[in-house]
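Input: a single structure, listed below in structure tokens.
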Amino acid sequence: MKTGVRSARRRRSAPKRTRPPSPRRRREFRPRQAATHVAILGAGRGGTALMEILAPDPLVKIIGIAEVNPNAVGLELARRLKIPVTRDFRKLLAMKRVELIIDVTGDPTVEATLQDFHRMGVTVLGGASAKFMWQLIEARIRTTAEIERTLAQYQSLYRLYVKEAATAVSEERTRIACEIHDGLVQSLAGVNFRLELCQELARKDPAACEETLRETKDQLKLAIQEARQVIFNLRPLHYDKMELIPALTNYLKSYETQTHIKTGFSVSGDEMALFPRTKIFLFRIVQEALSNVEKHAKAQQADVHLRIDPDRLTVTITDDGIGFDVEAVSRDPEKWDHFGLRGILERARLVGGEASITSKPGQGTKIVIDVPMVPKEAVSDGKDDGKD
């Protein structure tokens, strides 16, 4: 019993084991940097530039604007920014919390007053220093606005590129499907019919069978030629060499054979100066223009001239067809699209150029594509892989 009591006493008297208190994480105290209180004297061009650049800055607080001209250009901006405006600049000088005074009035009276103004902790900026400051800020604002406009133009051009690419794919699929259905499929169906006829004539009339086989062979050659043309239309430029001139030469030969419209093709300059994407779009422009000649112009002759100069690229496409009234067609969106003119203009824009269309009823049509040449060395470290 005594032993049990002693053990119980030991247990009661034994100190409890407790975990050491974990050190509390101290929050780092970072003093918040106070904003500099600024008073601006003048709400003309200088004051406007200062408000535009200083108002969004969290380290600056514009506490007031002084301006005597009720028509000053910066007053509307001050109202939008909810900045107090006074006609008497001395009221701003009397404010206890002002730390920086910027004078952009150009007024000798204000300048003389500020020369005699001295207070501990207040900095006065005026004269040539203030003028240089706001002119520098104004130049920065203009540069930023120009960059934003340029960026907006590129974004618009990119959206046009995406739209044009999607439209071009859809148009090409539809056109090639029609070519296959109307040409290749019909030729192959005719070959199949003649072969079936040969089976019947083989025993009954061997001479007629032999003649039918010769006709079938000729028709099969035509089908092979049409298949090659379909393949060429799918991939007109050989992507290993990206040769535009051979592609246009082959296309014009095929176009003349199929449409019975005589074609002419002339080139001056070296196509090595062209980017791959430019070659692709130029080929599509020529293809679209000649397709319009076939559908609408009722022409006997169509000519393509490609001129590559060091500073400009010019493509001219002419025909001797019936022509049309360009102004009347341009006012009708359906006709403008129906004649394929929108696609030509947009493709020209996508390579940084412009397209002009000249035509009159009975006088044919002339399309000129003008593209400024950009040295390859000036683009993407001197390389252009055609993926853009």
Which far-off residues, 5 or more places away or on another chain, put their amide H under 5 Å from the one on THR263, with H placed in the peptide plane? ALA302
Starting from the residue with the highest accessible area, list ASP116, ASP107 in decreasing order, probe 1.4 Å. ASP116, ASP107
Suppose R0 equals 22 Å; then what is the FRET efficiency for LEU59 and GLN135 from their Cβ-Cβ distance, rounded to the nearest 0.05? 0.50
Binned Cα-Cα distances of the range 325-365, short to long, each 5 Å bin given as a whole percent: 5, 23, 27, 25, 15, 4, 1
Local electrostatic count at VAL124 - Lys and Arg +1, Asp and Glu -1, tallied over other residues with Cβ under 13 Å: -3
Of all accessible heavy-atom area on the range 77-156, the percent that carbon and sulfur account for (1.4 Å): 56 percent
Net charge near THR86: determine it from the other residues with C-beta under 14 Å of the C-beta of THR86, scoring Lys and Arg +1 and Asp and Glu -1. +2
Rounded to whole Å and sorted largest first, what semi-axes of the equivalent ellipsoid does the C-alpha gyration tensor of the range 39-145 yield via the square root of 5 times each eigenvalue? 20, 15, 14
Note the full-extension length gain between ILE180 and SER266 as 0.36 nm times their separation in residues minus their Cα-Cα distance, in nm to one decimal. 27.9 nm
Can you tally the net charge around THR314? Count Lys and Arg as +1, Asp and Glu as -1, for every other residue whose Cβ sits under 10 Å from the Cβ of THR314. 0
Got a sec to turn the phi values of the range 290-304 into Karplus ³J(HN,Hα) couplings, 6.51 cos²θ - 1.76 cosθ + 1.60 with θ = phi - 60°, whole Hz, x for Gly and Pro? 6, 5, 5, 4, 5, 7, 10, 7, 6, 8, 9, 9, 9, 10, 10
Cα centroid separation, the range 251-298 to the range 97-158 (Å): 57 Å
Roughly how many Å² of VAL124 are accessible to a 1.4 Å probe, to the nearest 10? 60 Å²
Run the numbers for ALA207 and THR150: contour at 0.36 nm per residue of separation, minus the present Cα-Cα distance, in nm. 13.0 nm
The range 49-77 versus the range 310-371: alpha-carbon centroid distance in Å: 51 Å
Principal semi-axes in Å for the range 243-343 [√(5λ), Cα gyration tensor, largest first]: 24, 17, 12
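The values are calculated or read from the model by the stated rules, or taken from the named source; none is laboratory data. As the structure is a prediction and not an experimental result, all values here were calculated from the model. As a convention, Cβ positions derive from the backbone with ideal geometry for all residues, glycine included, and neighbour counts pool all protein chains shown. Each accessible area value is taken on the protein alone, full model and side chains, heavy atoms only, with ligands, DNA and RNA left out. Shrake-Rupley method; radii C 1.70, N 1.55, O 1.52, S 1.80 Å.
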